[in-house]
1. Solvent-accessible area per residue for chain B at a 1.4 Å probe radius, Å²?
2. Compute a Gaussian network model of chain A, connecting alpha carbons closer than 10 Å, and tell me which residue from A:Phe67, A:Phe39, A:Phe28 fluctuates the most.
3. Pop out a list of residues from region A:95-110 that are at least 40 Å² less accessible with all the protein chains around than in their chain alone; 1.4 Å probe, no ligands or nucleic acids counted.
4. Roughly how large is the B-A contact in terms of buried accessible area, totalled over both chains, probe 1.4 Å, nearest 100 Å²?
5. What distance in nm separates the two pseudo spin-label positions at A:Cys13 and A:Phe39, each 7 Å out from Cα along the beta-carbon direction?
6. If you only keep lysine pairs separated by 8 or more in sequence, or across chains, how many in region B:20-114 come under 18 Å at the Cα atoms?
7. Could you sort A:Lys14, B:Lys68, B:Lys42 by their accessible area in this structure, using a 1.4 Å probe and putting the largest first?
8. Of all chymotrypsin sites (Phe, Trp or Tyr not before Pro) in region B:25-102, which ones are in loop regions per DSSP and have a Cβ with at most 14 other Cβ atoms within 10 Å?
Amino acid sequence: GAVVSQHPSRVICKSGTSVKIECRSLDFQATTMFWYRQFPKQSLMLMATSNEGSKATYEQGVEKDKFLINHASLTLSTLTVTSAHPEDSSFYICSARLDGNYNQPQHFGDGTRLSIL
Amino acid sequence: AQSVTQLDSHVSVSEGTPVLLRCNYSSSYSPSLFWYVQHPNKGLQLLLKYTSAATLVKGINGFEAEFKKSETSFHLTKPSAHMSDAAEYFCVVSDRRGYQKVTFGTGTKLQVIP
């Protein structure tokens with residue numbers, strides 16, 4: 001159980017393109033989803049926390065207009081990287097949690113490798 | 001504030017020998033602790049979790065971890081390493097003060113030598 005599906009797994013696109021990444025909880029309803037960015041050989045950096053039906057909470061330094069997050073249902077959250085540039089190239093990972101309890105684990109998608117040319 | 005320290009960035013063991021990955025945490029409240037494994041270009045997979053029940057926690061793939069409050073540690077162990085265990089391992093802490101957020105350790109890369 002607790003499967004999170006993330007698509008696409010890899011994206012290569014030109015600078016200026018907008019890219020949408022989907023994160024779905026397949027066998028549970030996730031009240032909270034998280035979006036992370038991971039640089040090579042580093043740990044995960046939390047970008048934003050999204051709760052179904054409300055606006056995402058962004059971490060300091062993360063541009064809201066650059067990284068648009070939508071959590072329209074209990075099983076789907078999307079991250080759109082708008083007007084992507086080479087510096088946005090990275091590994092993006094989503095996770096989902098069943099509820100807001102801090103003792104519940106997050107379940108992770110397999111990540112999206114984004115490469116901007 | 002919560003924090004977690006993974007004491008070794010890289011651990012190398014021979015196949016069939018024990019694995020020890022160290023993690024120390026800091027939390028003002030009773031924390032929940034998790035270990036995750038990440039294989040290259042993949043997301044994180046939950047190995048095990050501690051949430052104030054038994055202090056010795058058994059996880060998947062033969063891994064276990066012991067919560068030691070007096071030492072503020074949550075080290076991950078496995079009696080016998082397998083080649084497929086080679087990966088990056090993250091220790092994660094969460095507490096009610098942190099509410100929705102968790103704190104990740106910097107990761108330990110486990111190398112298994114045949």
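The values are calculated or read from the model by the stated rules, or taken from the named source; none is laboratory data. Every value quoted in this text rests on a predicted model; they were computed, and no experiment measured them. Neighbour counts are summed over all protein chains in view; Cβ atoms, including those assigned to glycine, are modelled from backbone coordinates with ideal geometry. Surface areas here come from the heavy atoms of the whole protein model, side chains and all, with no ligands, DNA or RNA. Shrake-Rupley method; radii C 1.70, N 1.55, O 1.52, S 1.80 Å.
1. On a per-residue basis, 49 Å².
2. Maximum among the listed residues: A:Phe39.
3. A:Tyr102, A:Asn103, A:Pro105, A:Gln106, A:Phe108, A:Asp110
4. 1800 Å²
5. Placing both labels 7 Å along Cα→Cβ, they lie 2.4 nm apart.
6. Step by step, the pairs that qualify in region B:20-114 add up to 11.
7. The ranking, largest first, comes out as A:Lys14, B:Lys42, B:Lys68.
8. B:Tyr29, B:Tyr99
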